[in-house]
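**Q** I am attaching a structure below and will ask some questions about it afterwards.
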Amino acid sequence: MAPQLRIEIYIPYYYNPEPNTDPTSLETRKPIEVRKHRLIKNEIVEKFKAVSKHPANIEGVWENPQNGNRHYDLCYKLEVTINGHDSLEEDLLKWKEKLKTMFEQFEIYMVYYPINRV
């Protein structure tokens with residue numbers, strides 16, 4: 001079987017913290033609406049014809065290189081396996097910007113890498 005690509009995306013449960021709130025506390029952050037989670041899942045299925053959601057929550061911390069602020073997140077992982085194409089990275093960068101806007105995030109963690117299916 002020809003090599004394919006795996007795309008992984010961490011989708012946040014909460015919007016970024018409001019100004020003047022504790023960025024380490026999820027209790028002060030507004031949860032992202034369930035309809036937005038459904039929307040992105042449906043978009044992936046529409047675009048790639050499949051998606052898998054990992055049930056475990058992912059707790060993450062990252063430091064913004066622009067200002068040194070630490071951000072704490074709670075996410076879940078969506079993944080899909082696709083055949084690659086020439087404009088894939090450009091398409092993913094555009095999609096990532098759309099997700100950052102939709103989920104009001106400073107950053108969205110998204111990776112892709114080659115896999116071999118059996």
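The values are calculated or read from the model by the stated rules, or taken from the named source; none is laboratory data. Because the structure is a prediction, the values reported are computed rather than measured. Please note: Cβ atoms are built from the backbone with ideal geometry, for glycine as well, and neighbour counts cover all protein chains shown.
**Q** Among the numbered criteria (1) exposed (fewer than 11 other Cβ atoms within 10 Å of the Cβ); (2) in contact with a Phe, Trp or Tyr (Cβ under 8 Å, 6 or more places away or on another chain); (3) of a type outside the set (Phe, Trp, Tyr), which single criterion is violated by residue 12?
**A** So residue 12 meets the others, but not (1).
**Q** Could you please find all residues in segment 80-109 being buried (at least 17 other Cβ atoms within 10 Å of the Cβ), of a type outside the set (Phe, Trp, Tyr) and closer than 22 Å to residue 29 by Cβ?
**A** 99, 105, 108
**Q** Right, next: Residue 51: surrounded by 15 or more Cβ atoms within 10 Å (Cβ to Cβ), at pLDDT 95 or above and not basic (Lys, Arg), yes or no?
**A** Judged against the criteria, residue 51 is a match.
**Q** So if I check each of 61, 118, 80, which one is among the β-branched types (Val, Ile, Thr) and closer than 27 Å to residue 22 by Cα? Please lay out each step first, then the result.
**A** Values: 118 fails: closer than 27 Å to residue 22 by Cα; 80 fails: closer than 27 Å to residue 22 by Cα.
When all the criteria are applied, what remains is 61.
**Q** Further question: Got a number for residues in segment 45-92 being basic (Lys, Arg), out of contact with any strand residue (DSSP E or B) (no Cβ under 8 Å at 6 or more places or on another chain) and within 17 Å of residue 108 (Cα to Cα)?
**A** Here the count works out to 0.
**Q** While we're looking at this one, here's another question. Considering only segment 3-41, state which residues are in a loop (DSSP other than H, G, I, E, B) and closer than 30 Å to residue 88 by Cβ.
**A** Answer for segment 3-41, where residues must be in a loop (DSSP other than H, G, I, E, B) and closer than 30 Å to residue 88 by Cβ: 3, 13, 15, 16, 32, 33.
**Q** Check 64, 83, 16, 116 and return the single one that is under 15 Å from the mean Cα position of the chain (by Cα) and of a type outside the set (D, E, K, R).
**A** Just one listed residue meets the conditions, 16.
**Q** While we're here: Do you know which residues across segment 15-30 are modelled with pLDDT of 85 or more and surrounded by 13 or more Cβ atoms within 10 Å (Cβ to Cβ)?
**A** 15, 16, 29, listed by residue number.
**Q** Take residue 73 and tell me if it is charged (D, E, K, R) and part of a loop (DSSP other than H, G, I, E, B).
**A** Spelling it out, it is not the case that residue 73 is charged (D, E, K, R) and part of a loop (DSSP other than H, G, I, E, B).
**Q** Please enumerate the residues belonging to segment 51-70 that are outside any loop (DSSP other than H, G, I, E, B), of a type in the set (A, V, I, L, M) and within 20 Å of residue 33 (Cα to Cα).
**A** Filtering segment 51-70 down to residues outside any loop (DSSP other than H, G, I, E, B) leaves 52-53, 58-63, 70.
Remaining after also requiring of a type in the set (A, V, I, L, M): 58, 61.
Result: 58, single match.
**Q** Moving on. Quickly run through segment 83-118 and pick out the residues that are part of a loop (DSSP other than H, G, I, E, B) and closer than 15 Å to residue 12 by Cβ.
**A** At the first step, the residues of segment 83-118 found to be part of a loop (DSSP other than H, G, I, E, B) are 83-87, 103-109, 116-118.
If the condition is that a residue be part of a loop (DSSP other than H, G, I, E, B) and closer than 15 Å to residue 12 by Cβ, then 103, 104, 105, 106, 107, 108, 109 are the ones that fit.
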